[in-house]
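Novice: Right, I'll just put the structure down here and ask away after.
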Amino acid sequence: MNFPRAFYVANTLEIFERLAWYGFFTVSSLYMSSPLDQGGMAFSDAERGFLQGLIPFLLYLFPVVTGALADRYGYKRMFWLSFLIMCPGYYLLGQAQGFWSFFFAFLAVAIGAACFKPVVLGTISRTTSAQNRGLGFGIFYTMINLGGFLGPFVAGYLRAISWDLVFLVSAGWIAINMLILGLFYREPTSEFTGAKKLTISENKDLRSLREVLLEAQDILGNGRLAFLLIPLIMGLLVSVKFNVNIKDYAIASICWLTINLFWSHWVKMNYSSTLTRSSRGRSGPRPWYQQTINIGDKNLLLYLLILSGFWTVYNQLFFTLPLYIRDFVDTTDIVRGLHGLSPNLASFMAQVNVDQLAASIEKIDWQEPATSIRLGLAHYKVLVPIELIESTQTAIANGILEPQFLAQHWAQQYRQINPEYIINLDFGAIILFQIALSQWLQRFSSLKVIVLGTIILATANLIGGLAHMVLLSGFMVIGGVLVFALGEMVASPKSQEYIAALAPTNKAAVFMGYYFVSMALGMLFGGLLSGWAYGTLAHAYQAPYLMWTLFSVIGLLSALALYLFQARLPIKQ
């Protein structure tokens with residue numbers, strides 16, 4: 001493995017950045033939906049979906065610009081900027097007192113991460129060659145998951161003490177990155193790339209920001225396309241946040257599309273040429289409002305759009321699965337298994353605050369439906385059978401049972417594993433097997449491997465999503481997470497490798513920025529879909545299997561689209 005120093009430093013920075021991100025993100029659904037008396041934010045499913053859709057969408061969209069800035073102004077400067085934004089952003093997340101203060105702190109974290117992502121990927125791309133790129137990205141992906149594995153364990157332990165500590169430690173991981181950056185990172189201006197050393201002019205992107213944005217129009221599409229799509233996306237987000245009827249949004253969208261069609265027709269009728277001449281006699285493109293809607297590199301955009309389906313399904317591991325495990329999956333089978341190995345380990349993995357549970361039992365309105373009471377108790381990491389709650393309602397009404405006694409009994413008999421610990425198995429499996437699997441998969445076409453990984457991912461959603469319907473539900477969901485990890489290991493590094501192979505050396509970061517468009521769309525669709533599906537299908541209809549079936553169908557359709565894409569519209573590899 002002949003990699004230069006910048007490769008290893010970038011991987012180290014990635015570990016600590018992932019410790020910070022996954023230490024927060026893996027428990028973010030739990031934090032946002034937990035009651036105020038537990039230190040959570042008590043957001044609704046719609047509010048949670050709005051935040052998890054919009055903020056990560058911007059996080060993965062901004063690298064189109066931040067990647068270009070990094071290629072022009074230097075990777076190290078962009079690293080510094082990202083850490084100086086992220087460090088206070090994580091701290092302020094824990095200090096937020098309402099929806100909008102949390103929104104802006106989360107946005108700050110997203111902007112910092114958007115500065116970081118294309119730079120670290122650009123470093124990996126510049127310091128690997130055609131001969132070792134698959135292995136290099138496999139190592140990089142393993143480092144991502146090393147941080148992802150350790151971060152939630154730390155967060156799971158800390159949130160039992162105080163949610164504030166989760167965010168304070170995340171800020172601390174970023175502070176460590178500042179130290180590593182200052183001491184060890186050097187611009188990869190003359191690193192070995194497999195063919196030759198880069199000169200200064202080859203390494204730096206000397207274009208102005210305006211030229212970079214013009215090139216982005218060639219790749220992604222022009223200003224008219226952005227002006228068409230951005231209001232549609234923002235309208236969707238506003239309709240979710242403020243409970244606008246979906247029919248009203250659909251009517252408004254149709255009207256907006258119609259206006260843009262007439263606008264383009266008017267431009268065609270009045271401006272035969274796409275060029276205009278300035279007062280100085282120079283020719284150039286017409287202003288954006290005098291252009292028709294133009295789509296950029298159609299093959300690349302189609303690939304990114306299809307890949308967004310993969311990311312939509314993938315993100316349910318963080319958006320939906322923690323809530324599903326907490327509210328529906330009885331993990332007492334895992335607790336019993338761990339208790340047989342080590343009672344202390346079982347206590348650590350399934351810790352219940354008995355005093356908080358007793359206080360919540362005192363506040364319960366026992367006239368509510370048993371299903372609602374059960375979901376409320378699940379926030380305190382106990383999953384009590386419906387029939388027991390129904391019998392308890394009578395006993396409480398007659399004064400037979402005391403809340404403290406109930407809390408102690410339920411904490412002993414029905415305590416549950418922290419959801420983040422189960423999700424951690426995904427990261428653990430990737431740490432153990434990713435490098436070996438990446439080496440083996442190097443011989444196969446990238447797109448075919450991505451298709452296979454997407455099918456495996458869709459299958460995993462069905463396996464884990466049906467866990468609440470079987471006897472050993474805890475072990476069933478573990479099986480689903482491990483199958484999910486296999487699909488992720490197969491598809492995700494190859495999806496990055498495919499874009500890296502297309503990128504010119506001096507535009508590595510900006511091309512990785514284009515790759516993040518697919519992840520941005522996956523975050524947007526995944527977050528909004530999670531908020532709606534969990535609130536409607538899982539909670540209102542009490543049919544979580546329908547929700548997981550929906551996610552699996554999206555995965556299978558994405559796999560089919562990728563198969564047709566590589567068969568009929570191949571991008572030269």
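Novice: Which entries in LYS247/LYS298; LYS241/LYS363; LYS117/LYS494 show an alpha-carbon gap greater than 25 Å?
Specialist: Correct reply: LYS247/LYS298; LYS241/LYS363.
Novice: How large is the Rg to Rh ratio of region 326-380 when both quantities use alpha carbon positions and Rh follows Kirkwood?
Specialist: 1.06
Novice: Using only the alpha carbons of the chain, what is the convex hull's orientation-averaged projected area in square nanometres?
Specialist: Taking the Cα atoms of the chain, their convex hull projects to 28.4 nm² on average.
Novice: Excluding ASP355 itself, calculate the net charge of residues whose Cβ lies under 15 Å from the Cβ of ASP355, where each Lys or Arg counts +1 and each Asp or Glu counts -1.
Specialist: Value of the local net charge: 0.
Novice: Turning to a different aspect of this structure: Can you list the residues of region 61-99 with backbone N under 15 Å from a point 7 Å past the Cα of ALA226, pointing along Cα to Cβ?
Specialist: 61-69
Novice: To the nearest 10 square angstrom, how much accessible area does TRP366 have with a 1.4 angstrom probe?
Specialist: Approximately 40 Å² of TRP366 is accessible to the 1.4 Å probe.
Novice: Could you run the Karplus curve 6.51 cos²θ - 1.76 cosθ + 1.60 with θ = phi - 60° over region 349-365 and give me ³J(HN,Hα) per residue in whole Hz, x for Gly and Pro?
Specialist: For region 349-365, the Karplus curve yields 6, 10, 7, 10, 8, 5, 5, 4, 5, 4, 5, 5, 5, 4, 8, 5, 8 Hz.
Novice: Work out the FRET efficiency for THR536 and ALA160 from their Cβ-Cβ distance, taking R0 = 41 Å, and round it to the nearest 0.05.
Specialist: 0.85
Novice: Stretch ASN245-LEU261 to full length: gain in nm at 0.36 nm per residue minus the Cα-Cα span?
Specialist: So the chain would gain 3.3 nm between ASN245 and LEU261.
Novice: Identify, among TRP266, THR66, PRO88, the residue whose Cα sits farthest towards the positive end of the charge dipole of the chain, taking +1 on the Cβ of Lys and Arg and -1 on the Cβ of Asp and Glu, with the dipole about the Cα centre.
Specialist: Looking along the dipole axis, the top candidate is TRP266.
Novice: Compare the peptides 234-247, 62-75, 542-555 by average per-residue count of other Cβ atoms within 10 angstrom and give them in order, highest first.
Specialist: 62-75, 542-555, 234-247
Novice: Assigning unit charges at the beta carbon (Lys, Arg +1; Asp, Glu -1) and nothing else, what dipole magnitude in debye, to the nearest 20, does the chain show about its Cα centre?
Specialist: For this selection, approximately 2740 debye.
Novice: For GLY428, what charge total do you get from the other residues with a beta carbon under 13 Å from its beta carbon, if Lys and Arg give +1 and Asp and Glu give -1?
Specialist: Here the charged neighbours net out to -3.
Novice: Along region 446-459, what does the Karplus equation 6.51 cos²θ - 1.76 cosθ + 1.60 (θ = phi - 60°) give for ³J(HN,Hα), rounded to whole Hz, x for Gly and Pro?
Specialist: Whole-Hz 3J(HN,Hα) from phi for region 446-459: 4, 5, 5, 5, 5, 4, 4, x, 5, 5, 4, 4, 5, 5.
Novice: Of the accessible area of region 282-398, with the probe set at 1.4 angstrom, what percent is carbon plus sulfur?
Specialist: After summing per-atom areas, the C and S share lands at 53 percent.
Novice: Determine, for each peptide in 485-493, 387-395, 559-567, the mean count of other beta carbons within 10 angstrom over its residues, then list the peptides with the highest first.
Specialist: 485-493, 559-567, 387-395
Novice: With labels modelled as points extended 7 Å from the Cα through the Cβ direction, what inter-label distance (nm, one decimal) is found for ALA42 paired with LEU345?
Specialist: Here the modelled spin labels are 3.9 nm apart.
Novice: Would you list CYS115, CYS255 from the most to the least accessible area, probe 1.4 Å?
Specialist: Ranked list, largest accessible area first: CYS255, CYS115.
Novice: Also: Got a sec? Charge dipole of the chain, +1 on Cβ for Lys and Arg, -1 for Asp and Glu; which of GLN416, ALA458, LEU338 is way out at the positive end?
Specialist: Going by the Cα projections, it comes out as ALA458.
Novice: How many nm separate the modelled label positions at TRP366 and LEU183, each set 7 Å beyond the Cα in the direction of the Cβ?
Specialist: In this crude spin-label approximation the distance works out to 6.0 nm.
Novice: In Å and whole numbers, how far do the C-alpha atoms of region 346-493 stretch along each principal axis, longest first?
Specialist: Answer, in whole Å and largest first: 70, 27, 22 Å.
Novice: Related question: Under a crude label model (7 Å from the Cα following the beta-carbon direction), how far is TYR8 from GLN131 in nanometres?
Specialist: Reported label-point gap for TYR8 and GLN131 is 2.0 nm.
Novice: While we're looking at this one, here's another question. Excluding PHE444 itself, calculate the net charge of residues whose Cβ lies under 15 Å from the Cβ of PHE444, where each Lys or Arg counts +1 and each Asp or Glu counts -1.
Specialist: For residues surrounding PHE444, the net value is +3.
Novice: Could you work out how far the C-alpha centroid of region 442-456 sits from that of region 290-364, in angstrom?
Specialist: What the calculation gives is 25 Å, centre to centre.
Novice: Would you mind getting the accessible area per residue of the chain, heavy atoms of the protein chains only, 1.4 Å probe, in Å²?
Specialist: On a per-residue basis, the chain sits at 42 Å².
Novice: At a 10 angstrom cut-off on C-beta neighbours, averaged per residue, how do the peptides 337-350, 317-330 rank from highest to lowest?
Specialist: Top of the packing list down: 317-330, 337-350.
The values are calculated or read from the model by the stated rules, or taken from the named source; none is laboratory data. Source: prediction; values computed, not measured. Cβ coordinates were reconstructed from backbone atoms using ideal geometry, including for glycine residues, and neighbour counts include every protein chain displayed. The accessibility values were calculated without ligands, DNA or RNA, using every heavy atom of the protein model including side chains. Shrake-Rupley method; radii C 1.70, N 1.55, O 1.52, S 1.80 Å.
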